[in-house]
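Chemist: Before I ask anything, here is the structure I am working with.
The values are calculated or read from the model by the stated rules, or taken from the named source; none is laboratory data. Only a predicted model underlies this, so the values are computations on that prediction, with no experimental measurement involved. We place every Cβ from the backbone using ideal geometry, glycine too, and count neighbours over all the protein chains shown. These accessible areas exclude ligands, DNA and RNA; they are computed on the full protein's heavy atoms, side chains included. Shrake-Rupley method; radii C 1.70, N 1.55, O 1.52, S 1.80 Å.
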Amino acid sequence: MSGDRVLIAGASLAGLRTAQALRRTGFSGSITMVGKELHAPYDRPPLSKEVLTKDVSASQVILCSTDDLRGQGIDLITGVEITDVDLSDRTVTCSDGNSRGFTELVAATGARPHQPFADAPRTGVFTLRTLQDALSLRSALAKAHNVVIIGAGFIGLEIASAARSLGGHVTVLEAAPAPLARSLPTAVARAVTSLATRSGVDVRCDAKVIGFTRQVDELRGVCLADGTVLAADVAVVGVGVQPCVGWLEAAGAPVDRMGLLCDATGRALEHQHLWGVGDACAWLGADGIARRHEHWTTIGDQAKVVAQNLTHRSRRQLTSAPYAWSDQFGHKIHIIGEANDADEVRILSREPTTLTAMFARQGHLTGACIVDQAPLALKLRRWIASSTPVCDIPPWQHSAA
Amino acid sequence: MSRVVADMTKCQGYANCVVTAPDHFDLGEDGKVRVLSQALADDQLTVVREAIDACPVAALRLEAP
């Protein structure tokens, strides 16, 4: 085993947590992480929150320095991308011209923001994924009067919260009939977005963006399909992400639009020595459905499972419920488990600041969305992780259908 | 023995530590972490380190003996 060489493609949270978990589980071979960005692994959740409004520096979001990694026996190569992989020879070719061999490969290359507007002005239109994106957006928001967010997802609403706290006039545009449609049932999503509307954000659904007005190449406005033009000096496109798996697809790995397809143990389908962690991949659930959870917490859970299975040839699976949070307008929204395949929804409180919504499928609790109320969020995580029957869940019994 | 210490000014009640290491952490009614056993034997360090890493706001830290 000490001759094993794990190569981790990607040096963000997924890569870092996998490397650390490998060492903790007793992996004694070499570990090399190859990352496209120049920074040591850093934390992304603050990028759509305090980094936009406070004087947070790069060093404050770094998760682990290169020296600390070296101390754990983890080599980090930054500013380098894997351009080619040969899965039978088990070698990769990198953008620095080097070839690197591996015995096990972990795909942790993450995702990039989807930007459907090819003709956007050069100045004033942003996406948010990297630290550099956040620092550029911060300096633009500091001077902005009119901010338009395209996409009413969690990241869009967090950016709206930051922009509003800086005093700008903020509009959120959603092409779908309801906000947060990928994550939550409509009634629950509307309660969540009323945190934004109460704070003075203009949230418009069925609002399809068709283009921009500009002066030279600087943004002046956002054009909607119904003819409306909204004045804007900053526009942020937050309409989802695409997994960075082109390098794997060319090598014949099992890739679809959700990313690298992995079984419930984190191993790529039909590939012995390829694993996936994080936003670049979708894992099969117990129900055989592949899901990509772009959650900070899920990444740590996946990393532990993969490290265990890779090192000890075991077949562990995830045991915890998916969990994500979103900080907006002074509140913390907890999103637990699955909401979209529910056949029953119960709402204990519709008041946005105490929102408590629960989702079930075939009589078992599968998901929840609640605002603040940390102790209840923890209970719900436990009930959802163990698929508790709704008849055993007091808040479910006390809520209206 | 190493000790695990919580910074209550940073804790926001995510409870990832409780989910990761339920023998070592709990959540109070105030929604903040409770450290159940500060002093740690060597064989408890791995799970506690996992719990420390699972905190989104780095509210937990390990102090060497």
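Chemist: Can you go through A:GLN242, A:GLN328 and tell me which one is of a type outside the set (Val, Ile, Thr), over 25 Å from A:HIS364 (Cα atoms) and touching a His at 6+ places or on another chain (Cβ under 7 Å)? Before you say what the answer is, go through the steps one by one.
Modeler: Numbers: A:GLN328 fails: touching a His at 6+ places or on another chain (Cβ under 7 Å).
Of the residues listed, the single one that is of a type outside the set (Val, Ile, Thr), over 25 Å from A:HIS364 (Cα atoms) and touching a His at 6+ places or on another chain (Cβ under 7 Å) is A:GLN242.
Chemist: Going by the conditions given, is A:ALA253 away from chain B (no Cβ under 14 Å), in a strand (DSSP E or B) and within 24 Å of A:VAL92 (Cα to Cα)?
Modeler: So A:ALA253 fails the test.
Quick grid of which residues meet (1) under 20 Å from A:ARG267 (Cβ atoms); (2) open to solvent by 50 Å² or more (accessible area, probe 1.4 Å); (3) not β-branched (Val, Ile, Thr):
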| position | (1), (2), (3) |
| --- | --- |
| A:ILE8 | yes, no, no |
| A:LYS49 | no, no, yes |
| A:ASP55 | no, yes, yes |
| A:SER65 | no, no, yes |
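Chemist: Then there is this: Residue under question is A:VAL216, and the condition is that it be β-branched (Val, Ile, Thr), out of contact with any Asp or Glu (no Cβ under 6 Å at 6 or more places or on another chain) and surrounded by 14 or more Cβ atoms within 10 Å (Cβ to Cβ); does it hold?
Modeler: Spelling it out, it is not the case that A:VAL216 is β-branched (Val, Ile, Thr), out of contact with any Asp or Glu (no Cβ under 6 Å at 6 or more places or on another chain) and surrounded by 14 or more Cβ atoms within 10 Å (Cβ to Cβ).
Chemist: Here is a follow-up. What about A:VAL80, is it within 14 Å of chain B (Cβ to nearest Cβ), aliphatic (A, V, I, L, M) and either open to solvent by 30 Å² or more (accessible area, probe 1.4 Å) or in contact (Cβ under 8 Å) with a residue 40 or more places away in the chain (or both)?
Modeler: No: the conditions fail for A:VAL80.
Chemist: Can you name the condition, by its number, that A:VAL203 falls short on among (1) β-branched (Val, Ile, Thr); (2) buried (at least 20 other Cβ atoms within 10 Å of the Cβ); (3) in contact (Cβ under 8 Å) with a residue 40 or more places away in the chain; (4) over 24 Å from A:HIS331 (Cα atoms)?
Modeler: Evaluating A:VAL203 over (1) β-branched (Val, Ile, Thr); (2) buried (at least 20 other Cβ atoms within 10 Å of the Cβ); (3) in contact (Cβ under 8 Å) with a residue 40 or more places away in the chain; (4) over 24 Å from A:HIS331 (Cα atoms) leaves (4) as the failure.
Chemist: If you take the residues in segment A:277-301 that are touching a helix residue (DSSP H, G or I) at 6+ places or on another chain (Cβ under 8 Å) and closer than 15 Å to A:ALA253 by Cβ, which one is nearest to the other protein chains (Cβ to nearest Cβ)?
Modeler: Per the stated criteria, the residue is A:VAL277.
Chemist: If I filter segment A:302-323 down to residues being more than 11 Å from chain B (Cβ to nearest Cβ) and under 14 Å from the mean Cα position of the chain (by Cα), which single residue comes out as farthest from A:THR197 (Cα to Cα)?
Modeler: Here the residue is A:GLN302.
Chemist: I would also like to ask the following. Considering only segment A:109-124, how many residues are part of a strand (DSSP E or B) and charged (D, E, K, R)? Walk me through it before giving the result.
Modeler: Our first condition is that a residue be part of a strand (DSSP E or B); within segment A:109-124, this holds for A:111-113, A:123.
When the remaining residues are screened for being charged (D, E, K, R), the result is A:112.
Qualifying residue count, segment A:109-124: 1.
Chemist: Identify, by number, the condition in (1) under 22 Å from A:ALA385 (Cα atoms); (2) among the polar types (S, T, N, Q); (3) facing chain A (nearest Cβ under 8 Å) that B:THR20 doesn't meet.
Modeler: The single condition B:THR20 does not satisfy is (3).
Listed here are the residues, each with its yes/no results for (1) of a type outside the set (Val, Ile, Thr); (2) more than 23 Å from the chain's Cα centre (by Cα); (3) part of a strand (DSSP E or B).
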site: A:VAL148; (1), (2), (3): no, no, yes
site: A:ALA160; (1), (2), (3): yes, no, no
site: A:GLY167; (1), (2), (3): yes, yes, no
site: A:VAL172; (1), (2), (3): no, no, yes
site: A:VAL188; (1), (2), (3): no, no, no
site: A:SER194; (1), (2), (3): yes, no, no
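Chemist: Taking A:ILE155, is it open to solvent by 10 Å² or more (accessible area, probe 1.4 Å), under 30 Å from A:GLY15 (Cα atoms) and in contact with a Ser or Thr (Cβ under 8 Å, 6 or more places away or on another chain)? First the steps, then the outcome.
Modeler: Working: open to solvent by 10 Å² or more (accessible area, probe 1.4 Å): yes; under 30 Å from A:GLY15 (Cα atoms): yes; in contact with a Ser or Thr (Cβ under 8 Å, 6 or more places away or on another chain): yes.
Answer is yes for this residue.
Chemist: Next up: What tally of residues in segment A:224-241 results from selecting those that are crowded, with 16+ Cβ neighbours inside 10 Å and assigned to a strand (DSSP E or B)? Steps first, please.
Modeler: First, the residues of segment A:224-241 that are crowded, with 16+ Cβ neighbours inside 10 Å: A:224, A:230, A:232-239, A:241.
Those left that are additionally assigned to a strand (DSSP E or B): A:224, A:230, A:234-237, A:241.
Here the count works out to 7.
Chemist: Given (1) more than 18 Å from A:ALA181 (Cα to Cα); (2) among the small types (Gly, Ala, Ser); (3) within 14 Å of another protein chain (Cβ to nearest Cβ); (4) open to solvent by less than 30 Å² (accessible area, probe 1.4 Å), where does A:SER326 come up short, assuming only one miss?
Modeler: (1)
Chemist: Restricting the first residue to segment A:296-323 and requiring it to be in a helix (DSSP H, G or I), which pairs with a second residue that is open to solvent by 10 Å² or more (accessible area, probe 1.4 Å) and of a type in the set (Val, Ile, Thr) meet a Cβ separation below 6 Å and a spacing of at least six or different chains?
Modeler: Cβ pairs passing all conditions: A:ALA307/A:THR25; A:GLN308/A:THR25; A:THR311/A:THR25.
Chemist: Here is a further query. Taking the condition more than 28 Å from A:SER161 (Cα to Cα), away from chain B (no Cβ under 14 Å), open to solvent by 30 Å² or more (accessible area, probe 1.4 Å) and not in a loop (DSSP other than H, G, I, E, B), does A:LEU248 pass? So that I can check it myself, show each step before the final result.
Modeler: Working: more than 28 Å from A:SER161 (Cα to Cα): yes; away from chain B (no Cβ under 14 Å): yes; open to solvent by 30 Å² or more (accessible area, probe 1.4 Å): no; not in a loop (DSSP other than H, G, I, E, B): yes.
Against the criterion (more than 28 Å from A:SER161 (Cα to Cα), away from chain B (no Cβ under 14 Å), open to solvent by 30 Å² or more (accessible area, probe 1.4 Å) and not in a loop (DSSP other than H, G, I, E, B)), A:LEU248 does not qualify.
Chemist: Can you name every residue in segment A:289-308 that is among the small types (Gly, Ala, Ser) and either out of contact with any Ser or Thr (no Cβ under 6 Å at 6 or more places or on another chain) or open to solvent by 40 Å² or more (accessible area, probe 1.4 Å) (or both)?
Modeler: Hits for segment A:289-308 are A:ALA290, A:GLY300.
Chemist: Next question, about the same structure. Would you mind telling me which numbered condition in (1) outside any loop (DSSP other than H, G, I, E, B); (2) open to solvent by less than 50 Å² (accessible area, probe 1.4 Å) B:VAL57 fails?
Modeler: All conditions pass for B:VAL57, except number (1).
Chemist: Which numbered condition trips up A:THR109, out of (1) touching a helix residue (DSSP H, G or I) at 6+ places or on another chain (Cβ under 6 Å); (2) surrounded by 21 or more Cβ atoms within 10 Å (Cβ to Cβ); (3) under 24 Å from A:GLY276 (Cα atoms)?
Modeler: All conditions pass for A:THR109, except number (1).
Chemist: Here's a follow-up. Taking the residues in segment B:23-53 that are open to solvent by less than 20 Å² (accessible area, probe 1.4 Å) and at the interface with chain A (Cβ under 9 Å from one of its Cβ atoms) as candidates, determine which candidate is farthest from A:ALA377 (Cα to Cα).
Modeler: B:GLY28
Chemist: Give segment A:346-400 a look and list any residue that's among the basic types (Lys, Arg), more than 14 Å from chain B (Cβ to nearest Cβ) and either touching a Ser or Thr at 6+ places or on another chain (Cβ under 7 Å) or part of a helix (DSSP H, G or I) (or both), or say none.
Modeler: A:ARG346
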